[in-house]
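Reviewing the structure listed below.
The values are calculated or read from the model by the stated rules, or taken from the named source; none is laboratory data. Just so you know, these numbers come straight off a predicted model, no measurement behind them. Note that we place each Cβ from the backbone using ideal geometry, even for glycine, and neighbour counts take in every protein chain shown. These accessible areas exclude ligands, DNA and RNA; they are computed on the full protein's heavy atoms, side chains included. Shrake-Rupley method; radii C 1.70, N 1.55, O 1.52, S 1.80 Å.
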Amino acid sequence: MSEQKKVTRIGVLSSGGDAPGMNAAIRAVVRTGLYHGLEMFGIMRGYSGMIEDDIVEMESRSVANIIQRGGTVLKTARSKEFFQPEGRKKAYANLKKRGINGLVIVGGDGSFRGALKFSQEFDIPCIGLPGTIDKDIAGTDFTIGFDTAVNTAVEAIDKIRDTADAHDRLFIIEVMGRDAGYIALHSGIATGAEHILIPERKTDIEYVISSLQEKEKRKKLVNMIVVAEGDDFGGAEEVNKIIKERIPAADTRICILGHIQRGGSPTCLDRLVASRMGYHAVESLMKGRYNVMVGVMNNKMCYTPLEKAVKAKQTISDEWMRIVKILSS
Ligand code: ADP
């Protein structure tokens, strides 16, 4: 925090990986700013729009009817140019030209690294809002998009269980999560999966095999294995390969849920979290608290310096793993 000149014109952008609920955050930022009499701007396609001067003034109407929509009306992108000082200089010149003197960036840890660099080079205060389906950012219990993604996975896995049950099949379902297993853990527990394989835990494939063999003896033939794409053993294909080698009689199928997990109308929780964070982003800029990520921890707003708002493998407690084991037996 420091004494700085007043923020009067704020630019908002979504950047990096998309997540459902980004629209709700953009809406909250724009409307809170307008409420305080600030001028609000939407920056298209993340940092690319900043560099290419693709910036539009936003009114209250500009964000009408978007809270329930997935994706992001401002579009999102990854910008190679923004990694270069020349690119960031261009972006700054475009903001300066319009008198934009505050930024809200909805994105993941990569976008925050970009914002940190930018704020260190130029006098533009920045606020980050955690928008990622992976829930793997330090300094917040919630990230915008996670709840929707996990509910999409639950809905899909429930449907798969119906067909698995009809045919007595073993399904191996791969969900998103290159570095974090939260989608796998939450959706696996909520759908009663027999095994959940996540990057945070070393996968004991021998245990999986022996448990399947034991279940086969008991004629429990319907089994669901939920695996995060970044599991240390590999994704669904690798898990299937080894199961087929070791239990040739197993009737297995693979389902990779893929990008459906990123889309769709945000859940109530994601809309609430995004609205709350968006509101506090503007309030925070106005109070001179900036270059931080706005998060929520223990139901309280938290402000984490951008340099600390990094990808974090939050520990997945032994309690959850024990619950999985006991409830799936
Ligand atoms: P996410 O925000 O979802 O983690 P990325 O890691 O792709 O997504 O980051 C989004 C964008 O942020 C990048 O395309 C780039 O423009 C910018 N960015 C990321 N890291 C840096 C960095 N170290 N310096 C400058 N810009 C960066």
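Averaging Cα coordinates gives a centre for segment 272-329 and one for segment 107-149; these two points are 10 Å apart.
In the chain, one over the average inverse separation of all distinct C-alpha pairs is 20.8 Å, which is the Kirkwood hydrodynamic radius. Calculated mean residue ellipticity, 222 nm, the chain: -12500 deg cm²/dmol, from DSSP H runs (n ≥ 4) at -39500 (n - 2.57) each, averaged per residue and rounded to 500. Past the 29 Å Cα-Cα mark, which pairs from Lys5/Lys117; Lys220/Lys241; Lys219/Lys325; Lys117/Lys202; Lys97/Lys135? Among Lys5/Lys117; Lys220/Lys241; Lys219/Lys325; Lys117/Lys202; Lys97/Lys135, the Cα-Cα distance tops 29 Å for Lys117/Lys202; Lys97/Lys135. Convex hull volume of the C-alpha atoms in segment 279-320, normalised per residue: 83 Å³. Here the convex hull built on the C-alpha positions of segment 1-87 has a volume of 117 cubic angstrom per residue. Under a model in which nothing but the beta-carbon of Lys, Arg (+1) and Asp, Glu (-1) is charged, segment 219-267 shows a dipole of about 300 debye around its Cα centre.
In loop segments of segment 214-255 as defined by DSSP, the trypsin sites (Lys or Arg not before Pro) with at most 11 further C-beta atoms inside 10 Å of their C-beta are Arg218, Lys219. Around the Cα centre of the chain, unit charges on the Cβ atoms of Lys, Arg, Asp and Glu (plus for the first two, minus for the last two) sum to a dipole of about 820 debye. Treating r as the C-beta distance of Asn65 and Asp165 and R0 as 51 Å, the FRET efficiency rounds to 0.80. Shape descriptor for segment 210-259: Rg over Rh equals 0.98 (Cα atoms; Rh from the Kirkwood inverse mean 1/r). A cut-off of 5 Å between modelled amide H atoms, ignoring neighbours fewer than 5 places along the same chain, links Gly177 with Glu229, Gly230. Among complete DSSP H helices in the chain, none has alpha-carbon atoms stretching at least 30 Å along the helix's long axis together with a mean Kyte-Doolittle hydropathy reaching 1.6.
Of all GluC sites (Glu not before Pro) in segment 1-94, which ones are in loop regions per DSSP and have a Cβ with at most 13 other Cβ atoms within 10 Å? When the GluC sites (Glu not before Pro) of segment 1-94 are filtered for loop state and at most 13 Cβ neighbours within 10 Å, Glu3, Glu59 remain. Distance from the alpha carbon centroid of segment 239-254 to that of segment 1-56 works out to 49 angstrom. On segment 147-262, 49 percent of the accessible area sits on carbon and sulfur atoms, based on a 1.4 Å probe.
Only loop residues by DSSP count here, and only those with at most 15 other Cβ atoms within 10 Å; note down the trypsin sites (Lys or Arg not before Pro) in segment 5-35 that meet that. Passing both the DSSP loop test and the Cβ count: Lys5, Lys6. Principal axis analysis of the Cα atoms in segment 1-147 yields extents of 36, 31, 30 Å, listed in decreasing size. The ratio of the alpha-carbon radius of gyration of segment 147-262 to the globular-protein estimate 2.2 N^0.38 Å is 0.97.
The residue among Ala164, Phe41, Gly278 whose Cα reaches farthest toward the positive pole of the charge dipole of the chain, with charges on the beta-carbon of Lys, Arg, Asp and Glu, is Phe41.
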